Structure formats: C-alpha cells, structure tokens
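Asks: Here it is, the structure, as structure tokens.
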Amino acid sequence: MPAAARDGVRYGLFKTFWGWCAAAGTARGTCAFVLPQALPEPAERDILARCPDARREDCAFTTLAEAVEKYFDGWTVALEILPVDLSAGTLFQQRVWALTRRIPYGRVRSYRWIGLEMGRPEAARAIGAALGANPVPLLVPCHRVVAEDGRLGGFSAEGGVETKARLLGLEGARFLGDGAARRVAGR
C-alpha cells in the first residue's frame with residue numbers, strides 16, 4: 001500500500017450471519033476486506049496484517065457493514081457500487097478487478113471472458129493470479145469467475161473452493177457434480 005494511502009487508513013469489524021468481517025479503507029474507499037471468520041480476533045488480525053498502520057474506527061464502515069450484512073442474510077445487494085481503493089494493485093490487476101466488478105449478482109463469467117474483454121484471451125492464468133491477489137473479495141466478486149466449462153477453479157480466501165461454492169450458492173447458483181468436478185449449471 002502506498003505510504004500516502006497508509007496515513008489515512010482506518011479499519012473496522014462487524015458481525016454478519018456468517019461471522020465476523022473486517023474492512024480497511026482510505027478516503028477513496030475500501031482497500032482491504034476479510035471474509036467472515038468465526039471470531040472477531042482472527043478477522044482483526046487478518047486486516048491488521050494487511051494494513052498494520054490502520055487505526056480502528058468501526059463507524060467509518062457503517063454503509064459497508066449494512067450492505068455486507070444484507071448480502072450474508074441472502075438479500076440481492078449491489079456491492080459493486082460501494083467505493084473501493086484498488087490503487088495498491090498493478091495496472092493489470094486493476095483492469096481485471098474493474099471487469100470483475102461488472103459481473104452481476106447471481107451470475108458467473110469465465111477467466112477467458114475477462115481475457116476477451118481485456119483483449120488478452122490467452123491471459124487466463126495471469127487473470128487467475130490477479131484475482132488471487134484481490135484485496136476486497138465480495139466488493140470485487142472474484143467468486144463469480146469460473147473456468148470456461150463452469151468448473152469453480154480456485155479461490156484464495158479461507159475455505160478455498162468450498163467458500164466460493166457457498167458464496168455462489170447464496171447468490172442462487174446451482175451445481176452439477178461434486179468435488180473437483182463440480183461446476184456451475186446454467187451459466
């Protein structure tokens with residue numbers, strides 16, 4: 001994270017139906033997000049590992065907390081409209097994340113789709129790496145990106161592909177098969 005951005009970084013914790021989330025942000029928007037954890041301490045530890053100079057200010061995340069709570073309660077929420085600060089990413093990562101933010105709730109797109117949108121259809125692995133470095137899961141809904149054949153692919157958050165499947169299931173996705181062969185039906 002750039003030094004100028006670190007100076008004004010705040011973080012907060014909030015509870016959802018799925019557990020405790022943490023977020024950090026600058027004046028530009030949320031710059032780091034931790035998916036639900038069973039207890040608040042691991043969520044706080046994770047956010048501080050990513051933003052060690054942040055100061056706690058829970059009230060700075062009221063809008064985000066309300067939207068994320070609704071999301072985990074099963075509401076259709078347009079999290080992509082919330083402001084994010086993705087300036088810590090490379091230009092390539094920022095392009096991937098911006099395209100991923102365009103994927104609507106309850107829908108999936110492939111790594112190849114992102115590549116085609118970028119004019120780089122052969123860049124699926126690099127796109128996967130960019131998504132693996134996504135600092136704000138849910139706000140950049142990387143769980144909505146799957147392989148061309150509908151297989152779930154990878155997911156870097158705690159719980160891996162099972163967490164990805166759970167998020168997609170919350171959004172109404174149906175699956176064919178199970179385990180590594182599981183794929184999204186009716187994309």
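The values are calculated or read from the model by the stated rules, or taken from the named source; none is laboratory data. Keep in mind that what you see is a predicted model, and the values were worked out from it rather than measured. Neighbour counts are summed over all protein chains in view; Cβ atoms, including those assigned to glycine, are modelled from backbone coordinates with ideal geometry. The accessibility values were calculated without ligands, DNA or RNA, using every heavy atom of the protein model including side chains. Shrake-Rupley method; radii C 1.70, N 1.55, O 1.52, S 1.80 Å.
Asks: Enumerate by residue number the chymotrypsin sites (Phe, Trp or Tyr not before Pro) in region 1-78 meeting two conditions: DSSP loop (anything except H, G, I, E, B), and at most 14 other Cβ atoms within 10 Å of the site's Cβ.
Replies: F17, W75
Asks: Determine the shape class of region 68-123: with a ≥ b ≥ c the square roots of the Cα gyration tensor eigenvalues, call it rounded for a/c under 1.5, and otherwise prolate if a/b is greater than b/c, oblate otherwise.
Replies: Judged from the Cα gyration tensor, region 68-123 comes out oblate (a/c at least 1.5, b/c at or above a/b).
Asks: Over the chain, with the other protein chains present, what is the accessible area per residue in square angstrom, probe 1.4 angstrom?
Replies: 49 Å²
Asks: To continue, here is another question. Could you tell me the calculated FRET efficiency between R182 and A27, based on Cβ-Cβ distance and R0 = 25 angstrom, to the nearest 0.05?
Replies: Step by step, r from the Cβ atoms, then E = 0.05.
Asks: Could I ask something else about it? Would you compute, from DSSP H runs of 4+ residues alone, the mean residue ellipticity of the chain at 222 nm, taking -39500 (n - 2.57) per run and dividing by the full residue count, rounded to the nearest 500?
Replies: So the calculated ellipticity at 222 nm is -10000 deg cm²/dmol.
Asks: Something else now. Give the Debye-formula value of log10 I(q)/I(0) at each listed q (0.15 Å⁻¹), with one equal scatterer per alpha carbon of the chain, two decimals each.
Replies: So the normalised log intensities work out to -0.87.
Asks: Can you pull out the trypsin sites (Lys or Arg not before Pro) in region 1-96 that DSSP calls coil and that have at most 16 other Cβ atoms within 10 Å?
Replies: R28
Asks: Give me Rg over Rh for region 28-107, both radii from the alpha carbons and Rh done the Kirkwood way, two decimal places.
Replies: 0.96
Asks: Moving to a separate point now. Leaving ligands, DNA and RNA out of it, report the carbon-plus-sulfur percent of the accessible area of the chain at a 1.4 Å probe.
Replies: Working: 4770 of 9170 Å².
After summing per-atom areas, the C and S share lands at 52 percent.
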